[in-house]
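Taking it in order: structure first as structure tokens, then the write-up.
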Amino acid sequence: MTRFLEFIESQVLLLDGAMGTQIQGANLEVEKDYWGQENCSEILNLSRPDFVLDVHRKYLAAGADALETNTFGGASITLGEFDLSEKTVEINKRACELAHEAIAEFKHDGRPRFVIGAVGPGTKLPSLGHIGYDALEASFVLQAEGLIEGKADAILIETSQDPLQIKAAINGARVAMKKLQVDIPLMAQVT
């Protein structure tokens, strides 16, 4: 059993708040902070790691047990809308590293804390014919590889409304785990 599963077996896990809300509320500049990729929050993992770290620190200071990575739109299909699909693994891995860096700053209190790899639904739903299932699953495989390489303690597929999208994300994560010979908890949240 993983340390994460042991923790939630005996305690309530307090997740952080919404990264997207914090990003939208900040005074960030499209060219400087987003590298010209307006509304691509995930690019901030590379362009403004200081900002992402600061958001994580605030949630830890407020008492969070776990940090979700800044990867809600981190699947290669979604990143491809910004011509960033080739950076999928790098962006997701870096997001995990930033969460781990923030947690390391709070180790002095002895509390266990965790990094949860966030996987959002993306912008294309297979049930509505926006994308084929196989392409969507492959997109999630790359995202999960980055999260696993970044040492996520668990993966959370969140805010999902399309059953085929959920299936693609779960199977994509399983394919990545098998490929990288890692077994971490996988959670799905349905909206």
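The values are calculated or read from the model by the stated rules, or taken from the named source; none is laboratory data. All values reported here derive from a predicted model rather than from experimental measurement. Positions of Cβ are backbone-derived with ideal geometry, glycine not excepted, and every protein chain shown enters the neighbour counts. These accessible areas exclude ligands, DNA and RNA; they are computed on the full protein's heavy atoms, side chains included. Shrake-Rupley method; radii C 1.70, N 1.55, O 1.52, S 1.80 Å.
Sorted by packing (mean other beta-carbon atoms within 10 Å per residue), highest first, where do 167-176, 31-40, 70-79, 93-102 land?
70-79, 93-102, 167-176, 31-40
Given the pairs Lys58/Lys178; Lys32/Lys124; Lys32/Lys58; Lys58/Lys167, which span a C-alpha to C-alpha distance of over 30 angstrom in this model?
Numbers: Lys58/Lys178 34 Å; Lys32/Lys124 28 Å; Lys32/Lys58 23 Å; Lys58/Lys167 33 Å.
Too far apart for the 30 Å limit: Lys58/Lys178; Lys58/Lys167.
Over the alpha carbons of the stretch 41-172, what is the largest minus smallest coordinate on each principal axis, giving the biggest first in Å?
49, 27, 22 Å, listed from the longest principal axis down.
Take the alpha carbon atoms of the stretch 1-23, find their center, do the same for the stretch 112-191, and report the distance between the two centers in whole angstrom.
17
Please list, ordered by chain and number, the residues whose modelled amide H lies under 5 Å from the amide H of Ala118; skip anything fewer than 5 residues away on the same chain.
Thr69, Thr71, Leu156
Using 1/(1 + (r/R0)^6) with R0 = 41 angstrom and r between the beta carbons of Lys58 and Asp134, what's the FRET efficiency to the nearest 0.05?
0.55
Order of 131-143, 12-24 by packing, highest average Cβ count within 10 Å first?
Working: 131-143: 20.1, 12-24: 15.0.
Per-residue Cβ counts within 10 Å, averaged per peptide and sorted highest first, yield 131-143, 12-24.
When the Karplus curve 6.51 cos²θ - 1.76 cosθ + 1.60 is applied with θ = phi - 60°, which whole-Hz ³J(HN,Hα) does each residue of the stretch 62-77 get, with x for Gly and Pro?
Result, ordered by residue: 7, x, 5, 8, 9, 10, 7, 6, 7, 9, 3, x, x, 6, 5, 5 Hz.
Using R₀ = 45 Å, calculate the FRET efficiency as 1/(1 + (r/R₀)^6) where r is the Cβ-Cβ separation of Ala188 and Glu29; round to 0.05.
0.80
What FRET efficiency comes out for Ser85 versus Leu14 if R0 is 22 angstrom and r is the Cβ-Cβ distance? Round to the nearest 0.05.
The calculated FRET efficiency here is 0.05.
So what is the accessible area of the chain per residue, in Å², with the probe set to 1.4 Å?
48
May I ask you to give the percent of accessible area on the chain that is carbon plus sulfur, with a probe radius of 1.4 Å?
Looking at the chain in its full context, I get 52 percent from C and S.
Quick one: if you stick a label point 7 Å off each Cα along the C-beta vector at Glu101 and Lys179, how many nm between them?
2.6
Going toward the positive end of the dipole of the chain, with +1 on Lys and Arg Cβ and -1 on Asp and Glu Cβ, which of Gly20, Thr78, Phe4 do you reach last?
Phe4
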